[in-house]
Amino acid sequence: MFVKQLTVFLENKVGSLQEITDILRENNINVFSISLADTSEYGLLRMIVSNPELGREQLCNAGISARLTDVIAVRLENRVGTLAELFNVIAGADIGIEYMYAMATSKTGAMILKTNNQEKTIAALQAARIHILDENTMYHLQ
Amino acid sequence: MTALQSARLVKLVNRVYHNVEYYRKKMQQVGLEPGDIKGIEDITKLPFTTKNDLRDNYPFGLFAVPKTEIVRVHASSGTTGKATVVGYTRRDIEVWQECVARTISMADLGKDDIIQIAYGYGLFTGGLGAHYGAENLGATVVPMSTGNTKKLVTMMVDFGVTGIMCTPSYLLHIAEVIDEMGQMDNIKLKAAICGAEPWTEKMRLQIEEKLHIRAHDIYGLSEVMGPGVACDCKYHKGLHIAEDHFLPEIVDADTLEPVADGVTGELVFSTLTKEGIPLIRYRTKDLTSITHETCECGRTTARLSRFKGRSDDMLIIRGVNVFPSQIEAALLELGETTPHYLMIVDRVNNLDSLEVQVEVEERFFSDEIKELEKLTKKIATAIQHAIGLAVKVKLVAPKTIERSMGKSVHVIDNRKFD
Ligand SMILES: [Zn+2]
C-alpha cells in the first residue's frame with residue numbers, strides 16, 4: 001500500500017532545482033507534489049512523480065543523488081474535518097510522523113506521510129476505513 | 001664546531017649501528033661499516049630516515065637504549081593514523097631543557113622573568129618542552145596550557161607576566177582578548193617565543209606592533225626533539241640552530257643531493273647527542289635554506305631562513321600535524337560516505353579552522369534530515385578522532401568535488417603564509 005517517493009539531495013546553490021526539473025521534463029515525468037526540507041547547508045527534495053523509477057535512474061545518471069522511499073498517500077475528501085480524523089487515528093495508534101506534505105491534482109487531494117512505523121500506520125488507517133491510495137492509482141492521477 | 005660535530009657523529013653512528021637493528025640493516029644494505037664515517041664530511045654516505053620509518057617501527061623499534069633508560073615518551077600524528085613515538089632518556093631531557101633555555105635567552109628573557117606556557121600540555125612536545133626549558137633557566141613558569149584565554153590574560157596582568165610561549169596564531173588571538181578586556185596598558189609582556197606552526201614576517205610585525213613586544217620564531221619537531229632545535233635572535237635574520245646537538249643539511253627534495261647555502265631545499269637533521277631515539281639524516285619535509293655567515297648578534301651557528309612550506313602534503317592546523325590521508329582513512333573506515341573529500345583550511349580571527357566537505361552518494365543519504373544530521377556528526381567525530389582536531393563537516397552533492405577540483409586536489413588552504 002506504499003507509494004514511491006523520489007528523494008533528492010540538494011546543495012543550497014543557484015540552479016540545483018532547475019537541473020532536476022529539467023531532467024524530469026525531458027523524460028516526460030509529471031510531478032504531482034513537491035516538498036523541500038532544508039537546513040542551512042543542504043536540502044532534501046521530496047517528490048511524488050508519475051514514474052519514480054525512471055526519475056531516479058535519470059537523475060542518478062546525471063550525477064545527482066536520488067533514491068526511492070516508501071511513503072503513505074492518504075486520499076483527502078474536500079470537506080471539514082478530514083485532517084482531524086486522519087491525525088486522530090495516527091495519534092490514537094501512538095505513531096509519530098517523520099514528515100508530511102500535501103498533494104493536490106484537479107480531482108484529488110491527498111496527504112503524503114512518512115511515520116516512525118509505516119506498517120502500523122497502514123493497519124490503523126485501514127481499520128479506520130481511511131482511503132489509502134495505491135501505486136497504480138497514484139501514478140496515473142489526472 | 002666541525003670537530004665537535006664530527007666526533008659526535010662518529011659516536012652516533014657507532015651507537016645506532018650496535019643498538020638499533022633497523023639502522024644496522026640499512027647500513028649493511030649499502031655496504032657501510034661504522035668505521036667508514038670519520039667525520040661530518042662523510043654524512044652523505046649514510047641513508048636517510050623518514051617519518052614512515054618511525055611508523056614502521058612503531059612504537060619503540062628505533063629506540064637505542066633499554067626501555068628502563070627511557071624516562072618519557074611523546075607522540076605526534078602519522079600519515080595514516082598511527083602515531084610516531086619518541087622516547088627520551090634523562091640525559092635527552094636535560095639536553096632538551098638546555099636547548100629551550102638557550103632560545104629563551106636569545107629572546108632576552110631570563111631567571112627574573114615570569115613566563116606563561118600556552119602550548120597544549122600532553123603528548124605534544126610544545127607544552128612540556130617549553131615548560132622544562134623555562135624552568136631550567138630559572139624563570140618563573142606559569143603552566144597555562146591552551147583554552148581559557150580570559151584567565152590567561154587576567155593572570156598575565158595580575159602576575160606581571162613578562163614572557164609567553166605559544167603558537168603565533170594563538171598569540172594574536174590573545175592580543176585581541178587583551179584588547180577586548182581593556183588591559184593593553186596593564187600588561188608587562190616583553191617578549192614572545194612562538195612556534196609549532198608556520199607564520200610570516202608580516203605576522204611577526206603585527207604581533208610586535210600590537211603588543212609592543214619582541215616576537216621570536218622557535219623551531220622544532222618531536223621526531224628530532226621538540227621545540228628548541230632552532231630559534232631567531234633579536235635581529236630576526238634567520239633561526240640559529242643548536243648545531244652542537246643537531247647537524248643540519250639542506251638537500252634537494254627530489255634528488256636528495258645536498259644544495260649550497262642560500263638555496264631552498266628540504267631540511268635534514270642528524271641528532272648528534274640523542275640517546276633515546278637517535279636519528280640519522282631525518283627528513284623533516286620542511287623547506288628552507290641555510291647560511292653559515294656570522295649573525296649580527298655575533299653568534300656563529302648556522303641559521304635557517306624562514307620556512308617556505310613542505311615537501312609533502314602535511315598541514316599544520318592549530319599546531320597539529322594533519323595529513324589529508326588521515327581524513328581519507330577515517331572516511332573509508334566509517335564506510336558511510338564516499339572517500340571523496342575536500343579540506344578547506346582558513347584562519348578566522350587568527351584561529352585556524354578546518355571544514356571538510358564530503359560527497360553524499362545515493363546509497364548513503366536518507367530521506368530524513370535528522371538522519372543526515374546524524375551522519376554529519378558521525379563523520380565529524382570520526383575525523384576528529386583521527387586527527388585530534390574539531391572539524392566542521394559539510395555534506396555536498398556527488399561529483400562536485402572532483403568536477404571542480406580535479407582528482408588529486410584535496411586541500412584548499414586559504415591561510416596566507418607569504
Ligand atoms: Zn643572531
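The values are calculated or read from the model by the stated rules, or taken from the named source; none is laboratory data. Just so it is clear, the structure is predicted and the values come from calculations on it, not from any experiment. FYI the Cβ positions are ideal-geometry reconstructions off the backbone, even for glycines, and counts take in every protein chain you see. We work out accessible area using only protein heavy atoms, side chains counted, and drop any ligands, DNA or RNA first. Shrake-Rupley method; radii C 1.70, N 1.55, O 1.52, S 1.80 Å.
Condition check ((1) aliphatic (A, V, I, L, M); (2) more than 26 Å from B:Met314 (Cα to Cα); (3) assigned by TED's automatic domain parsing to the domain that holds B:Ala390) across all residues:
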| residue | (1), (2), (3) |
| --- | --- |
| B:Leu137 | yes, yes, no |
| B:Thr146 | no, no, no |
| B:Gly163 | no, yes, no |
| B:Lys190 | no, yes, no |
| B:Leu211 | yes, yes, no |
| B:Asp232 | no, no, no |
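For every residue, the table says whether it meets (1) in contact with a Leu (Cβ under 9 Å, 6 or more places away or on another chain); (2) surrounded by fewer than 15 Cβ atoms within 10 Å (Cβ to Cβ).
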| residue | (1), (2) |
| --- | --- |
| B:Glu328 | no, no |
| B:Glu333 | no, yes |
| B:Thr338 | yes, no |
| B:Val345 | yes, no |
| B:Asn349 | yes, yes |
| B:Arg363 | no, yes |
| B:Leu372 | yes, no |
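Across the stretch A:90-126, what is the total count of residues that are part of a strand (DSSP E or B), touching a residue at least 24 places away in the same chain (Cβ under 8 Å) and within 14 Å of chain B (Cβ to nearest Cβ)?
6
What is the number of the single condition among (1) closer than 21 Å to B:Ile401 by Cα; (2) within 11 Å of chain B (Cβ to nearest Cβ) that A:Val14 does not meet?
(2)
Restricting attention to the stretch A:127-142, and to residues there that are touching a residue at least 12 places away in the same chain (Cβ under 8 Å) and not aliphatic (A, V, I, L, M), which single residue is least open to solvent (accessible area, probe 1.4 Å)?
A:Tyr139
So which of B:Glu333, B:Glu368 ends up being within 30 Å of A:Leu36 (Cβ to Cβ), of a type in the set (D, E, K, R) and away from the ligand (no atom under 16 Å from the Cβ)?
Result of the check over B:Glu333, B:Glu368: B:Glu368.
Would you confirm, using the coordinates I've provided, whether B:Thr255 is surrounded by fewer than 22 Cβ atoms within 10 Å (Cβ to Cβ), within 16 Å of the ligand (Cβ to nearest atom) and not acidic (Asp, Glu)?
no
Give the residues of the stretch B:36-57 that are at pLDDT 95 or above and part of a helix (DSSP H, G or I), sorted by residue number.
B:Asp36, B:Ile40, B:Glu41, B:Asp42, B:Ile43, B:Thr44, B:Lys45, listed by residue number.
Given B:Arg72, B:Arg24, B:Arg15, which one is over 18 Å from B:Val268 (Cα atoms) and assigned to a strand (DSSP E or B)?
B:Arg72 is the lone residue from the list that is over 18 Å from B:Val268 (Cα atoms) and assigned to a strand (DSSP E or B).
Would you be able to say whether some residue in the stretch B:199-219 is under 30 Å from B:Val73 (Cβ atoms), away from the ligand (no atom under 16 Å from the Cβ), hydroxyl-bearing (Ser, Thr, Tyr) and surrounded by 15 or more Cβ atoms within 10 Å (Cβ to Cβ)?
No, because not a single residue in the stretch B:199-219 is under 30 Å from B:Val73 (Cβ atoms), away from the ligand (no atom under 16 Å from the Cβ), hydroxyl-bearing (Ser, Thr, Tyr) and surrounded by 15 or more Cβ atoms within 10 Å (Cβ to Cβ).
Yes/no matrix, rows are residues, columns are (1) within 16 Å of the ligand (Cβ to nearest atom); (2) exposed (fewer than 15 other Cβ atoms within 10 Å of the Cβ):
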residue	(1), (2)
B:Lys234	yes, yes
B:Ile241	yes, no
B:Leu267	no, no
B:Lys285	no, no
B:Gly298	yes, yes
B:Leu304	yes, no
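Suppose we keep only residues that are in a loop (DSSP other than H, G, I, E, B) and open to solvent by 20 Å² or more (accessible area, probe 1.4 Å) within the stretch B:287-296. Which one would you say is nearest to the ligand (Cβ to nearest atom)?
Result: B:Glu296.
Is it true that some residue in the stretch B:92-104 is open to solvent by less than 20 Å² (accessible area, probe 1.4 Å) and outside the structural domain of B:His216 (by TED's automatic domain parsing)?
No, the stretch B:92-104 has no match at all.
Within the stretch B:127-147, track down each residue that is out of contact with any Ser or Thr (no Cβ under 8 Å at 6 or more places or on another chain), of a type outside the set (Phe, Trp, Tyr) and part of a helix (DSSP H, G or I).
B:Leu128, B:Gly129, B:Ala130, B:His131, B:Ala134, B:Glu135, B:Asn136
Within the stretch B:291-305, which residues are touching a His at 6+ places or on another chain (Cβ under 9 Å) and not basic (Lys, Arg)?
Result: B:Cys295, B:Cys297, B:Thr300, B:Thr301, B:Ala302, B:Leu304.
Can you tell me which residues in the stretch A:60-87 are of a type in the set (A, V, I, L, M, F, W, C), buried (at least 21 other Cβ atoms within 10 Å of the Cβ) and facing chain B (nearest Cβ under 9 Å)?
Within the stretch A:60-87, A:Ile64, A:Ala66, A:Val71 qualify.
For B:Glu275, indicate whether it is open to solvent by 10 Å² or more (accessible area, probe 1.4 Å), away from the ligand (no atom under 16 Å from the Cβ) and more than 14 Å from every other protein chain (Cβ to nearest Cβ).
In short, yes.
If we scan the stretch A:90-97, do we find a residue that is under 15 Å from the mean Cα position of the chain (by Cα), within 21 Å of A:Leu6 (Cβ to Cβ) and open to solvent by less than 30 Å² (accessible area, probe 1.4 Å)?
No, the stretch A:90-97 contains no residue that is under 15 Å from the mean Cα position of the chain (by Cα), within 21 Å of A:Leu6 (Cβ to Cβ) and open to solvent by less than 30 Å² (accessible area, probe 1.4 Å).
Scanning the stretch A:28-59 for residues that are more than 15 Å from B:Val360 (Cβ to Cβ) and of a type in the set (Asp, Glu), which turns out farthest from the other protein chains (Cβ to nearest Cβ)?
Restricting to residues being more than 15 Å from B:Val360 (Cβ to Cβ) and of a type in the set (Asp, Glu), the top hit is A:Glu53.
Which of the numbered conditions does B:Phe60 fail, given that it passes all the others? Conditions: (1) in a loop (DSSP other than H, G, I, E, B); (2) more than 14 Å from B:Gly276 (Cα to Cα).
(2)
Could you please give the count of residues in the stretch B:73-104 that are farther than 15 Å from B:Asp244 by Cβ and of a type outside the set (A, V, I, L, M, F, W, C)?
13
Only residues that are among the acidic types (Asp, Glu) and more than 16 Å from the ligand (Cβ to nearest atom): list them for the stretch B:96-117, please.
Those that are among the acidic types (Asp, Glu) and more than 16 Å from the ligand (Cβ to nearest atom): B:Glu98, B:Asp112, B:Asp113.
Testing B:Gly160 on (1) free of Cβ contacts under 8 Å to residues at least 40 places away in the same chain; (2) open to solvent by less than 30 Å² (accessible area, probe 1.4 Å); (3) over 24 Å from B:Cys295 (Cβ atoms), one condition comes back false. Which one is that?
(1)
Which residue is nearest to A:Gly81 (Cα to Cα), if the candidates are limited to the stretch A:99-117 and must be surrounded by fewer than 17 Cβ atoms within 10 Å (Cβ to Cβ) and not β-branched (Val, Ile, Thr)?
A:Gly109
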